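The values are calculated or read from the model by the stated rules, or taken from the named source; none is laboratory data. This is a predicted model, so every value here is computed, not measured. Backbone-built Cβ (ideal geometry, glycine too); neighbour counts: all protein chains shown.
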Amino acid sequence: MPPSCLPLLFGSQNLRYKRLNDTQHWTIAAKNALAAGQTITVNPTGQSMTGLIASGETVTLNPCDTSQLTINDIVLVQIQGRRYTHIVLHMVKAIEDGKFLIGANNGRIDGWVYPNDIFGQAILV
C-alpha cells in the first residue's frame, strides 16, 4: 500500500473498527474521504466490473481532476438509477461537452454524468 494511502475504516466511539467493505454504505464514506483529499482503499463487491475488478478485490482510489480523465478510466461516480441515485465504481466510456458517459465492464451503460458526480479515480487494482 502506498504510504499516503489510508485504508478506509469506520468505527464507534469505543474505537472498535470495522472495514467499510463489510457494509453496503462504504461508498458514502469513500466519497467523503476523497472529498477531503485522501487516497483510500476499498473492496467493492459485485459483478459489473468482472474482467477488470473481481468482486471483493482491493482497489486504491485517489481524488481526481476530471479534466485529466480519459476513456476507460475507472471512477467512483454517482449515477441515477431507476429507483434511486447510487454510487458505483464504473468506467468512463465517452467524454463529450464536459460530460462523461459511465458504464460497467459487462456492457451496461449507466448514462451521462457531470464532473461533480465523479469523486475519485482508481489508481491501483
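Here are a few things to note about the model shown:
- Qualifying residue in the range 43-55 (condition: among the small types (Gly, Ala, Ser), more than 16 Å from Asn106 (Cβ to Cβ) and over 10 Å from the mean Cα position of the chain (by Cα)): no
- Within the range 16-115, strands (runs of 3 or more DSSP E) holding 3 or more residues that are at pLDDT 90 or above: 39-42, 59-62, 74-80, 85-96, 99-103, 109-113
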